[in-house]
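Only one structure is covered here, and it is reproduced in the block below.
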Amino acid sequence: MFNLRRCLSMLVLLATIPLAAFGQLTIQGTVTDERGEALVGANVLIPGTTRGAATDVDGKFTILVPSPGAETVLEARLIGYKSARKSITQTSGLAEVNFALTVDALQMDEVVVTGTSVATSKRQLGNAISTVNVRAVEATGATAIDAALTGKIAGAQISQNSGNPAGGITVRLRGASTVLGNADPLYIVDGVIVNNDSPQLIDLGGYRQNRLVDLNPQDIERIEVIKGAAAAAIYGSRANNGVVQIFTKRGSIGEPRISITSRFTTSAIRKTLEVNKYPFDKPQSDPTAKPVTRYDYQDFIFRRAYGTENNFSVTGGTSNTQYYFSGSYLGNEGIVNATSYHRTGGRARLDQTLNDWARLSAGANYTYSESDEVPNGGLIEAYGALTGFIFSPNTTDPRPVNGVYPNTAAINRTNPVQAIDLFKFGQQTSRFIGDLQLNLSPWRGLSVDYTVGYDTYGQIGTGFIPSGTTAALYPQGLARRGERDFLQLNNDLNVRYRTDLSTSLQSTTVLGGTLQFEKASNFTAQATQLSPVSQIVPSGASQTIGEFRSENTIYGAFAQQTFGLLNRLFLTAAGRIDASSVFGKDERWQFYPKASASYLISEESFWRNGGLANLFPSFKLRASWGESGNLTAIGAFDRFTNYSPFSYDGKSGLVPSTQLGTANIKPERQREYEVGVDFSLWRDRIAVELSYYDQHVTDLLLFRSLAPSTGFLSRLENVGTLDNTGWEVLLRALPLQTRNLRWSTTFTYATNKNEVNGIEGDILLLADAFGQVAAKNGEPLGVFYTTYYARNPDGSLLLTPAGLPQPEQRSRNPQTGQPTGGTIRTVTGDPNPDFTFSWINELEIGRNFSVRAQVDAVQGFDVFNFTRRVGARGPLYGNLVDYQRELEGKVPAGYNTALFSILDAWIEDGSFIKLRELAVSYDLHPKMLGLRSLRLSVIGRNLFSIDDYQGYDPEINTAGQSTGVRGFDFVEVPIPRTFSFGVTLNY
């Protein structure tokens, strides 16, 4: 460690020798808070230039100015604090400048770039924007960036759909704005548009990885989030779902600083399903009843899992060159036996100042990951561990005898222990993300930024089931291999000119252009009836292959003009033109306008000189309007009528598909209004942000049926509408701050009302839910559309003559009054919550000790407990406690079988309040062995949940990251309770 640090220090020293031969100014100092505590990660810069630095763990910074003017102005900024400026007239030698920043809960001086393309203070924005800093990310203990954002952004519903170690995450900003497309936001990392698809190369039961899992949260400096068209219009046809922009750590001036973090993790299932323990196969009163031994198959499926995470980084540099390098390894077992996830990665960032007005930056990130998977059946396939559990009467010991695994299921399902022991499923991903950025400031007020970004990955999924297993549908085995290759390139040029038109009027003009290209290819091959021993597809007697390739080019330009009056009233107007190769010929170009206003009324003299300033030190009114697009529902070739390969009589040919091409297809379009107010109380120690939004999506893409005489069955058309309206509240407060004690708290609250219309035939059944989830006119997206209880006029259950509940049917028998004519369905539940809230509290005691807790809540939503529906049905399955109650005579015989056909019976309230995070850390400053600081931490995640849900966890979703299917629970791996113990060494 000492040799490495000494060598790096020598390189820095040698690099600075040429600079020392010339006159220059070296500025050093510290940035602290009001208590005198060092602030880490504060940015100190010289406005109007490319020179600046970030503070280290001691709050120190160094800036070298080769040719200083008569006066040098410094500005210090940090999220959560008011910015501060100081000027010096010294022109050479060493100057010391220290800053003491005061708390700014409203964060009006915070500088952001998302939604504006250039650095802009929040006071100028007419829309809400959320920011998450490095401390908030590191304190979560999460191994994926999107998981770390959970509960930290008002208006964002972030859900972990699976408890697998690389479990998929869903992020919804202000609800879904599409039915058939992807509802994920646009992700940008250091200017690179990155892909976050969730490809399903092998069937694991619904779970699939989303590719944001490839990024290491420990490399993140800050995250900015905008949530709708009013803010995101300049991103054009990819912005309907909002934008998440991620900024990674960079180098800083000074000797090399090394940081090493090692973390040990343990996870376990938080809650298991209550199983049937009745000691007889029939009610004991039945003379034919036989004693049985019952097993809890969950004991053979789940385990306590262990893992480790190690991160290494080094940062430093001279006044002209700064660098940041990091390496990481993550290895976690899953709570299901034989599952694991391993990720190895490295990131590099080099910033080079070419001269006083030019700066070049290059970044690269490489990640390789592997996962060992256990399938769980579920939506399509019948094989898997949890599927085998829920479809099996638990009266057979699933463990092998003399190497032979018994059949445990009553129908074609798999022995869960055999699936864990013998099935081999896995995924591997290799990914590279790189960028090159040139920043020019040739003269005062003018800046030119050019970014080229590159994102590519290859993902492979393999699956193998040997012959002779209990996977009844594949008695002679199965082999599958899927591959996905993806490449994305973006070129962005932004030109900004800022000038003072007068002493009270400022103008900022931004022009930008973009050229984006993406290419994807998927290849799958599957075989059954395998030859002995072999595990590869060519060994199968029956083989099927599939391949798909796609390309998309997007190009566009935008212009934005902002006027600022007296640094308190800001008016912005912008427009973007967009084109894509997937749009129809006559709809190739799209235009997206935007306008916003921000008025900091508390800066007016009547406010500052009156009593209002004592009550509201800061008060801002804002409003915005904008339009954006969504092209994710458009396939690369949907504008054409496509043909499929076909073989007849040994000869190859083509046949038309059943879908007619849509020549004039265009992107879905969102119009959004947003109004809000931001204000502070109690000497700026309480901040409130309140927003209301109204989104209206037109040209919603839906399938329409065609007359058979056309030769086709359907066509994709822009015919529907979708609406989202809601409220968002963010409250930050610093209730207590003394020299030795600091308590900060953050509360977020959000509502969203969603409604879809324009669906042909009033209803569209969605995939991945056995036809029980629908988009229905006048209803929220993804409602449960199922059979339901037959009831008497007074609302009581209408029972069969045997005294059992029954489903409603089309009519009633006039003689018996019993339902007849076939079952009918209606809307029986809604997985969209009434509201969400989060409460984060952080307590800092002295200089060293801190405690952080986060509580998340999702209220007023339904979950379809399909798992319980199957497990309760006895005697066919009947391994859950529901059937035990029937055997005990607490409900009539045949009760659970009767309920099996009444799907309304299995829809439950999923409302929960969850202790998402609890972290305790202790900092030491030993000043020995080269250490600057040492941090010990303990973090718990998903520690407990307050809910009435009878399944594993109301947060999981078997359909993974599906847009329309939410709250559907069918044998998905539950989210575990996790503890981690970490040590961070800073040299």
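The values are calculated or read from the model by the stated rules, or taken from the named source; none is laboratory data. Note that the structure is predicted; figures quoted are calculated from it, not measured. Note that each Cβ is placed from the backbone with ideal geometry, even for glycine, and that neighbours are counted across all protein chains shown. We work out accessible area using only protein heavy atoms, side chains counted, and drop any ligands, DNA or RNA first. Shrake-Rupley method; radii C 1.70, N 1.55, O 1.52, S 1.80 Å.
How large is the Kirkwood hydrodynamic radius of the stretch 683-733, counting all unique pairs of alpha carbons, in Å?
Details: mean 1/r = 0.0675 Å⁻¹.
One over the average 1/r among Cα pairs gives 14.8 Å for the stretch 683-733.
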### Query
Given only helices, namely DSSP H runs of n ≥ 4 each adding -39500 (n - 2.57), what is the per-residue ellipticity at 222 nm of the chain, to the nearest 500 deg cm²/dmol?
-2000 deg cm²/dmol
### Query
So between Leu436 and Leu706, what do we pick up on full extension, going 0.36 nm a residue minus the alpha carbon distance?
92.3 nm
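Full extension from Lys753 to Arg304: what is 0.36 nm times the residue separation minus their Cα-Cα distance, to one decimal in nm?
Details: separation 449, 0.36 × 449 = 161.64 nm, distance 3.99 nm.
Going from the current span to full extension adds 157.6 nm.
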### Euclidean distance between Cα centres, the stretch 333-403 to the stretch 515-566, Å
19
### Task
Give the cross-link partners of Lys424 among the lysines, using a straight C-alpha distance below 29 Å as the criterion and excluding same-chain residues fewer than 8 apart.
Lys271
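For Gln535 and Ala268 in the same chain, what is the full-extension length gain: residue separation times 0.36 nm, less their Cα-Cα distance, in nm? Could the numbers behind the result be given before it?
Values: separation 267, 0.36 × 267 = 96.12 nm, distance 3.21 nm.
This chain segment gains 92.9 nm when fully extended.
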### Summary
Helix 2-20 sits off the longest principal axis of the Cα atoms of the chain, rounded to the nearest 10 on a 0 to 90 degree scale, by 40
### Summary
One point scatterer per Cα, no solvent, Debye formula: log10 I(q)/I(0) for the stretch 25-103 at q = 0.11, 0.12, 0.17 Å⁻¹ comes out as -0.24, -0.29, -0.58
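Could you provide, to the nearest whole Å², the per residue accessible area of the stretch 25-103 with probe 1.4 Å? The partial results should precede the final answer.
On the way: 3210 Å² over 79 residues.
Computed with neighbouring chains in place, this is 41 Å² per residue.
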#### Entry: Within the accessible area of the chain (1.4 Å probe), percent carbon and sulfur
57
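Taking square-rooted eigenvalues a ≥ b ≥ c of the alpha carbon gyration tensor, is the stretch 660-808 rounded, prolate or oblate, where a/c under 1.5 means rounded and, failing that, a/b exceeding b/c means prolate?
Working: a/c = 3.64, a/b = 1.51, b/c = 2.41.
Here the stretch 660-808 falls in the oblate category.
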### Calculated on alpha-carbon atoms, Rg and Dmax of the stretch 648-698 in Å
26.8, 84
### Summary
Spelling it out for Thr828: with amide H atoms placed in the peptide plane at 1.01 Å from N, the residues 5 or more places away or on another chain with amide H under 5 Å from its amide H are Phe784, Tyr785, Thr786
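Could you work out the percent of alpha carbon pairs in the stretch 912-966 separated by over 12 Å, rounded to a whole number?
On the way: 1127 of 1485 pairs.
Percentage above 12 Å: 76.
Just need the relative contact order of the stretch 671-792 here, percent rounded to a whole number, with Cα pairs under 8 Å and 6+ apart.
Values: 253 pairs, mean separation 21.7, N = 122.
Across the stretch 671-792, relative contact order equals 18 percent.
With Rg and the Kirkwood Rh both taken from Cα atoms, where does Rg over Rh land for the stretch 220-328? The partial results should precede the final answer.
Numbers: Rg = 28.2 Å, Rh = 20.8 Å.
When Rh is taken as the Kirkwood radius, the ratio is 1.36.
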### Task
Report Rg(Cα)/(2.2 N^0.38 Å) for the stretch 259-384, keeping two decimals.
1.91
### Task
Using a 10 Å cut-off on Cβ atoms, rank the peptides 277-288, 755-766 from the highest mean neighbour count down.
755-766, 277-288
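Which entries of Lys519/Lys594; Lys519/Lys585; Lys277/Lys914 have Cα-Cα distances beyond 23 Å here? Display every interim value, and only then the final one.
Values: Lys519/Lys594 30 Å; Lys519/Lys585 20 Å; Lys277/Lys914 30 Å.
Table pairs above 23 Å Cα-Cα are Lys519/Lys594; Lys277/Lys914.
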### Query
Expressed as a rounded percentage, what relative contact order does the chain have, with Cα pairs under 8 Å and six or more residues apart?
12
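Please compute one quarter of the surface area of the Cα convex hull for the chain and express it in square nanometres. Please report the intermediate quantities before stating the final value.
Values: hull surface 188.2 nm².
Answer in nm², one decimal: 47.0.
Provide the packing ranking of 145-152, 644-651, i.e. peptides ordered by the mean count of other C-beta atoms within 10 Å per residue, highest first. Working shown, then result.
On the way: 145-152: 24.2, 644-651: 7.9.
Packing proxy ranking, top to bottom: 145-152, 644-651.
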### Query
In terms of modelled amide H atoms, which long-range or inter-chain residues lie less than 5 Å from the amide H of Gly151?
Ile158
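Can you pull a Stokes-Einstein diffusion coefficient for the stretch 567-675 at 25 °C (0.890 mPa s), Rh from Kirkwood over Cα pairs, as a whole number of µm²/s? Before the final figure, lay out the partial values.
Details: Rh = 18.5 Å.
Result for D is 132 µm²/s.
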### Message
Per-residue counts of other Cβ atoms within 10 Å, averaged by peptide: what ranking do you get for 158-165, 598-605, 67-74, highest first?
### Response
158-165, 598-605, 67-74
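A 19 angstrom limit on the alpha carbon distance is what I want to check against. Which of Lys60/Lys927; Lys282/Lys890; Lys152/Lys753; Lys227/Lys776 exceed it? Spell out each step's value before the answer.
Numbers: Lys60/Lys927 16 Å; Lys282/Lys890 14 Å; Lys152/Lys753 21 Å; Lys227/Lys776 25 Å.
In this structure, Lys152/Lys753; Lys227/Lys776 exceed 19 Å between Cα atoms.
How big, on average over all directions, is the shadow cast by the Cα convex hull of the stretch 941-987, in nm²? Before the final figure, lay out each step's value.
Values: hull surface 22.0 nm².
For the stretch 941-987, the mean projected area of the Cα convex hull comes to 5.5 nm².
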### Task
Jot down the per residue volume, in cubic angstrom and as a whole number, of the convex hull over the alpha-carbon atoms of the stretch 132-286.
201
## Note on the structure
Which residues qualify? For Ala790, with a placed amide H closer than 5 Å and at least 5 residues away or on another chain, they are Leu798, Gln806, Glu808
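Taking a quarter of the surface of the convex hull around the Cα atoms of the stretch 603-655, what do you get in nm²? Mind showing how you got there, number by number?
On the way: hull surface 30.2 nm².
Value for the stretch 603-655: 7.5 nm².
What whole-number value in Å² describes the accessible area per residue of the stretch 343-417 for a 1.4 Å probe? Could the numbers behind the result be given before it?
On the way: 2750 Å² over 75 residues.
For the stretch 343-417, the per-residue accessible area is 37 Å².
Would you mind getting the accessible area per residue of the stretch 721-787, heavy atoms of the protein chains only, 1.4 Å probe, in Å²?
Details: 2650 Å² over 67 residues.
The answer is 40 Å² per residue.
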